[in-house]
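Trainee: I am attaching a structure below and will ask some questions about it afterwards.
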Protein chains: 2
Amino acid sequence: MTLTPRNITDTELALLRLLWKDGRSTIRQLTDQMYPEGGHSEYATVQSLLDRLEGKSCVRRERDGRVNVFTATVTRSELVARRLRETADALCDGSLAPLLSQLVRVSDPTPEEADALQGLVDRLETAGSSGKEEA
Amino acid sequence: MTLTPRNITDTELALLRLLWKDGRSTIRQLTDQMYPEGGHSEYATVQSLLDRLEGKSCVRRERDGRVNVFTATVTRSELVARRLRETADALCDGSLAPLLSQLVRVSDPTPEEADALQGLVDRLETAGSSGKEEA
DNA sequence: GGCATCCTCAGGCGGTTTGTCTTAGTTCAA
DNA sequence: TTGAACTAAGACAAACCGCCTGAGGATGCC
């Protein structure tokens with residue numbers, strides 16, 4: 001069963017990127033960008049990738065006249081969140097704190113990144129006092 | 001070629017976890033933990049997994065008498081760092097900042113986590129002024 | 001109508017990965 | 001010498017991934 005949204009391939013991700021950038025798109029529009037000079041086979045390739053992305057609940061298919069129009073149903077942020085969670089589960093017993101630690105240690109951050117991080121902290125401190133239940 | 005250390009499987013990760021926990025281990029010791037009641041075939045399975053981990057430069061094999069003793073050559077932190085970097089490359093054009101943002105937003109952080117984050121920021125600000133080249 | 005063009009859909013192919021297992025050979029101790 | 005352990009080499013099915021073929025169906029132009 002496809003209960004678990006499986007991993008998303010780099011090629012599939014390229015498609016998602018286009019959908020994020022352009023919004024609703026037809027296979028033709030996507031193919032033209034992924035494979036300029038592409039013919040029928042490349043078109044079918046994109047269609048296969050979209051089929052699989054649909055199976056992974058990452059895109060939605062809509063009929064518009066006689067063509068299918070595709071839309072991304074996951075955001076970049078959701079995918080980032082998912083991958084972070086997976087990493088935490090796989091490597092840190094579900095705890096996100098080590099990720100954060102490692103992220104900062106590894107990032108060799110620029111001063112601007114340090115600033116951004118500080119901003120996150122500020123926002124986190126105010127948000128942290130609002131909604132929370134349990135986990 | 002295996003220039004890029006490929007992705008590490010969940011099953012392989014289970015082995016790495018044992019190596020991190022126990023340090024140097026024989027196949028027998030690992031098999032006993034991963035597959036209690038396991039026989040010859042399970043032993044061979046573990047051996048295959050270790051072979052592949054060695055190919056991925058994650059463990060080192062050492063001869064001790066007539067048995068092989070395996071040691072992890074990557075730390076949990078290194079793997080975490082690697083996965084974070086991969087996520088940033090795949091989804092955020094290589095920038096780690098969105099990861100951090102999402103991490104904080106998703107983590108539904110406790111006040112202690114907020115404190116920890118603050119601590120990281122403090123450490124980051126002092127470390128940020130040391131080594132840096134470009135990016 | 002006849003034809004070309006574009007779209008859709010079903011399905012398959014070759015290569016790789018992954019977890020598992022078989023077989024055979026080596027080493028050592030009772 | 002027998003047997004129990006270890007090692008090594010290789011195979012296997014299943015799944016996944018990117019790609020492609022082929023057969024239709026609708027549309028539009030002459």
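The values are calculated or read from the model by the stated rules, or taken from the named source; none is laboratory data. All figures in this text were calculated on a predicted structure; none of them were measured in a lab. Note that each Cβ is placed from the backbone with ideal geometry, even for glycine, and that neighbours are counted across all protein chains shown. The protein model used for the area step is the full one, side chains on, heavy atoms only, and it has no ligands, DNA or RNA in it. Shrake-Rupley method; radii C 1.70, N 1.55, O 1.52, S 1.80 Å.
Trainee: Would you please name the residue that is farthest from DNA strand C (Cβ to nearest atom), looking only at residues in the stretch B:31-88 that are more than 14 Å from chain A (Cβ to nearest Cβ) and among the small types (Gly, Ala, Ser)?
Mentor: So the residue we want is B:SER57.
Trainee: Of all residues in the stretch A:51-88, which are under 30 Å from A:LEU99 (Cα atoms), open to solvent by less than 40 Å² (accessible area, probe 1.4 Å) and polar (S, T, N, Q)?
Mentor: A:THR87
Trainee: Follow-up question, since we're still on this one. If you go through the stretch B:51-77, how many residues are more than 9 Å from DNA strand D (Cβ to nearest atom) and aliphatic (A, V, I, L, M)?
Mentor: Residues in the stretch B:51-77 being more than 9 Å from DNA strand D (Cβ to nearest atom) and aliphatic (A, V, I, L, M): 4 in total.
Trainee: Shifting gears a bit: Starting from the stretch B:92-106, take each residue that is assigned to a helix (DSSP H, G or I) and list its partners that are charged (D, E, K, R), counting only C-beta distances under 8 angstrom and pairs at least six apart or across chains.
Mentor: Qualifying pairs under 8 Å: B:ALA97/A:GLU113; B:PRO98/A:ARG76; B:VAL104/A:ARG123; B:VAL106/A:ARG85.
Trainee: Which condition from (1) more than 14 Å from DNA strand C (Cβ to nearest atom); (2) among the basic types (Lys, Arg); (3) modelled with pLDDT of 95 or more is the one that A:ARG28 breaks?
Mentor: Every condition holds for A:ARG28 apart from (1).
Trainee: Let me ask something else about it. Is it the case that A:ASP10 is more than 12 Å from DNA strand D (Cβ to nearest atom) and without any contact (Cβ under 8 Å) to a residue 24 or more places away in the chain?
Mentor: Details: more than 12 Å from DNA strand D (Cβ to nearest atom): no; without any contact (Cβ under 8 Å) to a residue 24 or more places away in the chain: yes.
Considered against the rule, which asks whether it is more than 12 Å from DNA strand D (Cβ to nearest atom) and without any contact (Cβ under 8 Å) to a residue 24 or more places away in the chain, A:ASP10 comes out as no.
Trainee: Related question: Of (1) open to solvent by 30 Å² or more (accessible area, probe 1.4 Å); (2) in the same structural domain as A:LEU103 (by TED's automatic domain parsing), A:SER48 satisfies all except one. Which?
Mentor: (2)
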